[in-house]
Amino acid sequence: MPSNFLSQWKSARNLVLSAASQSAWNTALTGGYLTQRQRFDGAAGLELTQTRRSDLAYAGKGTAFATNGQVTSWDTAFSGFKAELSPWLAGYLFAFLMGTDTVTGDASPYTHTFDFDETTRTAVPTTIYVQDTEAVERTVPDMCIDEVTLTISEIGAIMAEMSMKGTGRQTLGAIGSLPALGAESYILGSDASLMFGPVGETASFLGRHMSTTLKFQNQLQIHKAPGGGLYGIFVRKGNPKFSISTTIAAKDTDDTYTLFENDTECDYELTVNSGSAAQLTVSIPHMHSKATKMGLDGDMIVWQIEGDESSCFDASGTTPPITVGVTNAVAAYLTAEA
């Protein structure tokens, strides 16, 4: 009897995203809105997890083992996503993470400005399509971005990581033909330019800025309540969190450690220009270093400066503690399906 089979390989997996948000929970975007066939490293996985009840811990059943049980809840999560940062993906990540998209420009390139939406605790739902094998294909509504991490190094594309949470709903089956795989440009770490220093006295750190890691988190919770059946009703946001860690090469005169020692309020402005429609900016206008650690890059002394939502301030309630800008060819994100 033959025992061969058609093995399934990572590079054949597919992920399709959308720039649109859902018009309602438990209402997946239609296939016409699932237009972005996304390159990714293939290790990301969609998890459908169940919560169960059983009588395992109860007496009176004549055995130590369970005699009945049932599924009481479903949850969905998409984790392990890692990809090179394209302009489209940069806008997608921060639009659905932060919940706002202020667009300027009447034609491409468009400039998007993102900051955390504090007018609501409800996350923004969208739909993803995941093809794991030739036999397992799923359309998954109610997915919300929980965490985003950007890693900026000296060469190559900025690397992006993302995780999502959802209400547990999914539909098995293909969406039909996949969108065409588009040509991509990328936002490169080698194009990153850092201005940093006391507010009103920033200076260029070109040549001394060695790397940066940015992390964002929504602390999402799946809202469940009596009457909601086996699925979440919607997804709630917790307090937004972010952190930044930047490594700067030391020089003969100190312009880094003393700022930490004196708790000097600084302005952190990172600009990445990889083309007219491939740009990223990160602005932290009122940053206090939470830590400044000495380290080594080979035999070169470096300082690692760190800050987070507890040390980067919202000045007078009018200036967000962190703002992200993306310039690309996308007219808008978060537009609800008509």
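The values are calculated or read from the model by the stated rules, or taken from the named source; none is laboratory data. Since the model is a prediction, treat every value here as computed from it, not as a measurement. Using ideal geometry, Cβ is built from the backbone for each residue, glycine included, and neighbour counts are taken over all protein chains shown.
Please verify whether the stretch 85-92 includes one or more residues that are in a loop (DSSP other than H, G, I, E, B) and either surrounded by fewer than 21 Cβ atoms within 10 Å (Cβ to Cβ) or in contact (Cβ under 8 Å) with a residue 40 or more places away in the chain (or both).
yes
Determine if the stretch 158-169 includes at least one residue that is surrounded by fewer than 16 Cβ atoms within 10 Å (Cβ to Cβ) and either small (Gly, Ala, Ser) or under 23 Å from GLY80 (Cα atoms) (or both).
Checking the stretch 158-169: not a single residue is surrounded by fewer than 16 Cβ atoms within 10 Å (Cβ to Cβ) and either small (Gly, Ala, Ser) or under 23 Å from GLY80 (Cα atoms) (or both).
Among residues belonging to the stretch 169-201 that are part of a loop (DSSP other than H, G, I, E, B) and either on the phi > 0 side of the Ramachandran plot or touching a Phe, Trp or Tyr at 6+ places or on another chain (Cβ under 6 Å) (or both), point out the one that is modelled with the lowest pLDDT.
Among those that are part of a loop (DSSP other than H, G, I, E, B) and either on the phi > 0 side of the Ramachandran plot or touching a Phe, Trp or Tyr at 6+ places or on another chain (Cβ under 6 Å) (or both), it is GLY176.
Could you tell me which residue of the stretch 315-329 is farthest from THR258 (Cα to Cα), considering only residues that are touching a strand residue (DSSP E or B) at 6+ places or on another chain (Cβ under 8 Å), surrounded by fewer than 22 Cβ atoms within 10 Å (Cβ to Cβ) and not hydroxyl-bearing (Ser, Thr, Tyr)?
ALA329
Do we have any residue at all in the stretch 27-38 that's assigned to a strand (DSSP E or B), on the phi < 0 side of the Ramachandran plot and either hydroxyl-bearing (Ser, Thr, Tyr) or touching a Phe, Trp or Tyr at 6+ places or on another chain (Cβ under 7 Å) (or both)?
yes
Output the number of residues of the stretch 207-233 satisfying the condition of being surrounded by fewer than 17 Cβ atoms within 10 Å (Cβ to Cβ) and touching a Ser or Thr at 6+ places or on another chain (Cβ under 6 Å).
Residues meeting the conditions: 2.
Of these, THR51, THR63, which one is exposed (fewer than 15 other Cβ atoms within 10 Å of the Cβ) and outside any loop (DSSP other than H, G, I, E, B)?
Exactly one of THR51, THR63 is exposed (fewer than 15 other Cβ atoms within 10 Å of the Cβ) and outside any loop (DSSP other than H, G, I, E, B), namely THR51.
Just to be sure, is SER204 without any contact (Cβ under 8 Å) to a residue 40 or more places away in the chain and more than 21 Å from the chain's Cα centre (by Cα)?
Working: without any contact (Cβ under 8 Å) to a residue 40 or more places away in the chain: yes; more than 21 Å from the chain's Cα centre (by Cα): yes.
The answer is yes for SER204.
Which residue out of ILE152, ILE145 is under 19 Å from the mean Cα position of the chain (by Cα), surrounded by 22 or more Cβ atoms within 10 Å (Cβ to Cβ), over 24 Å from SER73 (Cα atoms) and at pLDDT 95 or above?
Result of the check over ILE152, ILE145: ILE152.
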